[in-house]
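The values are calculated or read from the model by the stated rules, or taken from the named source; none is laboratory data. Fair warning: this is a prediction, and the values are worked out from it, not measured in the lab. Backbone-built Cβ (ideal geometry, glycine too); neighbour counts: all protein chains shown. For accessibility, only protein heavy atoms count, side chains too; no ligands or nucleic acids. Shrake-Rupley method; radii C 1.70, N 1.55, O 1.52, S 1.80 Å.
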Amino acid sequence: MNTLLVLLSSLLWWVLYSSIGALFIAIIAWAVLRWIERSAVVFNRTYLACLLWMMIDVVVIAVVFVRSGAQFDAAVMKTVWWRVFMVANMLLGAALLWRLVPRIDARRIKPTSACLAVAVIMLVVFGAVSSLLG
């Protein structure tokens, strides 16, 4: 019974932390997509794409931490595993935004718009992480 409660609690915290992170990322992505598409995009679909992206990221980051000894420092960011994860993460984010986010006229956003949104998100995240670690 204790194991079941631990797993249920972990699942709830996973969803909670992912949704908090996805909100900040969705606001950035929504603003960038509105600007680059020159049309309104649907925010709740942007949030859904970012939520799925964050939920997958949390699991993959946990795997990278377990693989690297479960300690986050500057050395982790120099490993091959981290670089592979970052490239796959950006591709996943661009694919999710491209496939899930429509414009207000029900057309899909362009793949280049999704890539730019992911690039801006990664720029903000890298700036925040480097200011915290530096």
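Is there any pair with a first residue in segment 115-133 that is assigned to a helix (DSSP H, G or I) and a second that is loosely packed, with under 13 Cβ neighbours inside 10 Å whose Cβ atoms are under 7 Å apart and which are 6 or more apart or on different chains, and what are they?
Note: pairs meeting the criteria are Leu133/Ala74.
Being more than 30 Å from Asp105 (Cα to Cα) and not charged (D, E, K, R), is that true of even one residue in segment 16-34?
Yes, there is a match, as at least one residue in segment 16-34 is more than 30 Å from Asp105 (Cα to Cα) and not charged (D, E, K, R).
Kindly indicate whether Ala114 is closer than 19 Å to Arg38 by Cα and within 14 Å of the chain's Cα centre (by Cα).
For Ala114, the condition - closer than 19 Å to Arg38 by Cα and within 14 Å of the chain's Cα centre (by Cα) - is met.
Could you list, in sequence order, the residues of segment 64-81 that are assigned to a helix (DSSP H, G or I) and either closer than 14 Å to Val15 by Cα or modelled with pLDDT under 80 (or both)?
Correct list: Val64, Phe65, Val66, Arg67, Ser68, Val76, Met77, Lys78, Trp81.
List the number of the failed condition for Arg108; all other conditions in (1) open to solvent by less than 60 Å² (accessible area, probe 1.4 Å); (2) without any contact (Cβ under 8 Å) to a residue 12 or more places away in the chain hold.
It is condition (1) that Arg108 fails.
Mind listing whichever residues of segment 45-59 are in contact with a Leu (Cβ under 9 Å, 6 or more places away or on another chain) and open to solvent by 40 Å² or more (accessible area, probe 1.4 Å)?
Scanning segment 45-59 gives Arg45, Tyr47, Leu48, Leu52, Ile56.
Could you figure out which of (1) in contact (Cβ under 8 Å) with a residue 12 or more places away in the chain; (2) of a type in the set (A, V, I, L, M); (3) over 19 Å from Arg103 (Cα atoms) isn't true of Ala40?
For Ala40, the failing item is (3).
If you go through segment 9-44 one residue at a time, how many are open to solvent by 90 Å² or more (accessible area, probe 1.4 Å) and part of a helix (DSSP H, G or I)?
Residues in segment 9-44 being open to solvent by 90 Å² or more (accessible area, probe 1.4 Å) and part of a helix (DSSP H, G or I): 7 in total.
Select from segment 82-102 the residues that are open to solvent by less than 40 Å² (accessible area, probe 1.4 Å) and more than 19 Å from Ser18 (Cα to Cα) and write down the one among them that is modelled with the lowest pLDDT.
Out of the qualifying residues, it is Trp82.
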